[in-house]
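To keep things clear, I will list the structure first and then write my remarks on it.
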Amino acid sequence: MLSFFWLRCLLKMVKGNIVVPEEILSFCCNGLQGSSSPPRARDSGEREEAAGAMASPSPPGNPTEVQMSQLVLPCHTNHRGELSTGQLLKWIDTAACLSAERHAGCPCVTASMDDIYFEHTISQPFINPPGQRDGKSGVCVGQVVNIKAKVNRAFNSSMEVGIQVSYEDLCSGKHCSICKAYATFVAQGPSGSKVKLKPLTPQTEEEKIEHSIAAERRRMRLVHKDTLKDLLTRSPRETELETRDGSVAVPAEKTRVESVELVLPPHANHQGNTFGGQIMAWMENVATIAASRLCHAHPTLRAIEMFHFRGPSQVGDRLVLKAIVNNAFKNSMEVGVCAEAYGQEMSVSRRHINSAFMTFVVLDQEGQPRTLPMVAPEPGDGERRYREASARKKIRLDRKYVVSCKQTEVPLSVPWDQSNKVYLSYNNVSALKTLVAKANWALAREKEKVRMYTLEEDKFLSFRIEMSVHIAAGRAFSLLSDLRRRHEWDSHYARAELVQQVDEDDMIYHVVSQTLSCENKPQDFVILASRRKPCSKGDPYVVAFRSVTLPTHPASAGFTRGETLCSGFCIWPESEEMSKVAYYNQATPGYLNYVTTNVAGLSSNFCATFKACEKFLLKNKEDLIMRLQDL
């Protein structure tokens, strides 16, 4: 970005009556927005006027926190009059850099920017603030973007900076979270040498949690390549293509984009290297074009897995930016993008500067994701990128939810006794009904009439699987509520023992699973099963499960004790002999790997298990009728 040196030169030219072209004046003024240069000491009597931006000092007790407020101006918006994602990335990188340098006390460079999940994307409908009269959605001119950045943890020469971005409507006073992000910065001494950082001591409970989890995130970053390679090795070579009604596969080559940018002085940071935020903005631009070529619409950026800076570039370099759609899932697509640099001579080999993977969706008029066309990968590298995109989707879910679940660090099971049985039964059923009633379930996969949906929340990834079965709802309810018979259709169950018949609607089972834990031992569970028949027309039959602890069944050395927080069946009658059967599960860390593998399309175990459930219901419905008649 434009440094104060260039501004002072410009002012001297104006004072000396030197004619300065209007284009340069406009270019320089716009370049000041989002500058990453740290504040300099002002001369006596000098006034600093900031148009649209302010970075405040850190509050007492947290020396690394930086707060930045940016007023959105016309030069920050895209063709729809909304704040461009590229501009937002510049501001995020600037705030994070200032926070890192505040802790390090020396210049810092961006090593990576990852885990950016847009809770409310800047081009997605917000709360419809009163001050927004032109019908636009997202953050518009005259509104404010607030950014908070602080160092979560300092390692040897690198540190993790956590960034929170929110949106503020000045007319209504309403606030809305946009996204969270994590950046890794490296401190640099003279001649680019690494600097050993002082440790950071967290003070508040929130800071202690982030400090602890930062080490886990760092571990995942370091083993990311190995994790991806191992996942692809264990996955089938041929990834099954989903069927989408009326969809024709689009050749991935048609989405390819290549663009070149010349690095000018205003694109450089206060160290003379190309500003990392500028590189990210250019990469987001070509990625958006590639996504648009697949869907022939304006896509919305939903997540960024990682910007990985592999080396610096300087003023005068040519940056070649390449993007292509790697894979298109049901409602989202992954775009791979990279940046390469070279000097004036084309004969010199290009330097790989940066790479990233971005997830886009296309929203309809109601703000819901549209179904996307399929992508036909090119043979060779295209097929590799296609499979890697599926693996990255699974890893993305793991990165988002495994760490989040560790924040609670409390047991999921609760003690069971006669005094709290009414409360636990109520809590068990109400938790499942609450999960069922939640909005924003997204269709993730569909195969052989079995549909899999996911619900992404801050701390949990939930899923549901459903299909229509030719069986009366009451009969399906009787068969599925008995866990002793689940091993007949679910290969993950070895056996289940009825430990306590609490009453007609509540039972406690001891379940042994076929699945081995990381300790290479079978898992066992103590599960409360609560059944509910419909209270009125339109209500489903409900079978809810959750873990409890019993003194008579403590954890034993031969098993790894597993836990389930909220899961169960809901069965809706569609006719006298037809039912919609749906299974819900709020995935716990021990079950998450299985879930994300199926969500990403690397396995079809869910489909096979639910088809086996259908066969079990159809096989046993006549036997059940005869037993009921005998009674």
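The values are calculated or read from the model by the stated rules, or taken from the named source; none is laboratory data. Keep in mind the model is a prediction, meaning the values are calculated, not measured. So basically every Cβ, Gly included, is an ideal-geometry build from the backbone, and we count neighbours across all protein chains shown. Areas reflect the complete protein model, heavy atoms only, side chains present, ligands, DNA and RNA absent. Shrake-Rupley method; radii C 1.70, N 1.55, O 1.52, S 1.80 Å.
Points to keep in mind about this one:
- In segment 532-567, the residues that are in contact with a strand residue (DSSP E or B) (Cβ under 7 Å, 6 or more places away or on another chain) and basic (Lys, Arg): Arg532, Lys533, Arg546, Arg561
- The strands (runs of 3 or more DSSP E) found entirely in segment 241-360 that carry 2 or more residues being among the basic types (Lys, Arg) are 318-328.
- Condition check for Asn585: among the polar types (S, T, N, Q), within 21 Å of Glu488 (Cβ to Cβ), within 31 Å of the chain's Cα centre (by Cα) and at pLDDT 90 or above: yes
- From the list Lys194, Lys208, Lys225, Lys180, the one residue that fits, being without any contact (Cβ under 8 Å) to a residue 12 or more places away in the chain and either of a type in the set (A, V, I, L, M, F, W, C) or closer than 28 Å to Phe357 by Cβ (or both), is Lys225.
- Residue match in segment 322-336 (condition: out of contact with any strand residue (DSSP E or B) (no Cβ under 7 Å at 6 or more places or on another chain), open to solvent by 20 Å² or more (accessible area, probe 1.4 Å) and of a type outside the set (Asp, Glu)): no
- Unique residue being in contact with a helix residue (DSSP H, G or I) (Cβ under 6 Å, 6 or more places away or on another chain) and touching a residue at least 24 places away in the same chain (Cβ under 8 Å) when the list is Gly367, Gly382: Gly382
- Residue in segment 547-554 that is part of a strand (DSSP E or B) and open to solvent by less than 20 Å² (accessible area, probe 1.4 Å) present: yes
- Residue, nearest to the chain's Cα centre (by Cα), within segment 169-194, restricted to residues that are closer than 20 Å to Ser99 by Cβ and open to solvent by 40 Å² or more (accessible area, probe 1.4 Å): Lys180
- Across segment 52-68, the qualifying residues are those that are at pLDDT 85 or above and crowded, with 16+ Cβ neighbours inside 10 Å, and the one among them that is farthest from Asp169 (Cα to Cα) is Thr64.
- Residues of segment 536-546 classified as surrounded by fewer than 22 Cβ atoms within 10 Å (Cβ to Cβ) and either farther than 17 Å from Glu574 by Cβ or among the hydroxyl-bearing types (Ser, Thr, Tyr) (or both), total: 1
- From the list Ala439, Ala529, the one residue that fits, being over 20 Å from Ala608 (Cα atoms) and open to solvent by 50 Å² or more (accessible area, probe 1.4 Å), is Ala439.
- Listed conditions (1) at pLDDT 90 or above; (2) surrounded by fewer than 20 Cβ atoms within 10 Å (Cβ to Cβ); (3) within 36 Å of the chain's Cα centre (by Cα) are all met by Pro522, apart from (1).
- Contact annotation: residue pairs with Cβ atoms under 6 Å, 6 or more positions apart or on different chains, pairing a residue in segment 150-164 that is over 11 Å from Pro199 (Cα atoms) with a partner that is open to solvent by 40 Å² or more (accessible area, probe 1.4 Å) and modelled with pLDDT under 95, are Glu160/Arg153; Gln164/Lys180.
- Residues satisfying the stated conditions in segment 584-596, i.e. surrounded by 22 or more Cβ atoms within 10 Å (Cβ to Cβ) and not in a strand (DSSP E or B): Ala587, Val595, Thr596
- Val581 vs. criteria of a type in the set (A, V, I, L, M), buried (at least 20 other Cβ atoms within 10 Å of the Cβ) and under 20 Å from Ser332 (Cα atoms): no
- Segment 287-311, subset of a type in the set (S, T, N, Q) and under 24 Å from Ala183 (Cα atoms), residue most open to solvent (accessible area, probe 1.4 Å): Thr288
- Residue match in segment 556-577 (condition: of a type in the set (Asp, Glu), without any contact (Cβ under 8 Å) to a residue 12 or more places away in the chain, over 30 Å from Ser332 (Cβ atoms) and surrounded by fewer than 21 Cβ atoms within 10 Å (Cβ to Cβ)): no
- Single residue of segment 490-504 satisfying the filter (open to solvent by less than 60 Å² (accessible area, probe 1.4 Å) and assigned to a loop (DSSP other than H, G, I, E, B)) that is modelled with the lowest pLDDT: His492
- Screening Gln418, Gln365 for residues that are modelled with pLDDT under 95, closer than 30 Å to Arg451 by Cβ and exposed (fewer than 13 other Cβ atoms within 10 Å of the Cβ) leaves exactly one candidate, Gln365.
- Condition broken by Gln314, with the remaining ones in (1) over 30 Å from Ser193 (Cα atoms); (2) touching a residue at least 40 places away in the same chain (Cβ under 8 Å) satisfied: (1)
- Among the residues here, Gln314 does not qualify as modelled with pLDDT under 90 and either open to solvent by 20 Å² or more (accessible area, probe 1.4 Å) or over 22 Å from the mean Cα position of the chain (by Cα) (or both).
- One residue stands out in segment 317-345 among those that are closer than 21 Å to Thr110 by Cα and of a type in the set (D, E, K, R): the one that is nearest to the chain's Cα centre (by Cα), namely Lys322.
- Number of positions in segment 439-495 that are under 30 Å from Glu366 (Cβ atoms), free of Cβ contacts under 8 Å to residues at least 60 places away in the same chain and in contact with a helix residue (DSSP H, G or I) (Cβ under 7 Å, 6 or more places away or on another chain): 2
- Each residue in segment 86-124 was checked for being hydroxyl-bearing (Ser, Thr, Tyr), modelled with pLDDT of 90 or more and not in a strand (DSSP E or B), and 2 of them qualify.
- For segment 195-218, filtered to residues that are acidic (Asp, Glu) and open to solvent by 100 Å² or more (accessible area, probe 1.4 Å), the residue that is farthest from Thr110 (Cα to Cα) is Glu205.
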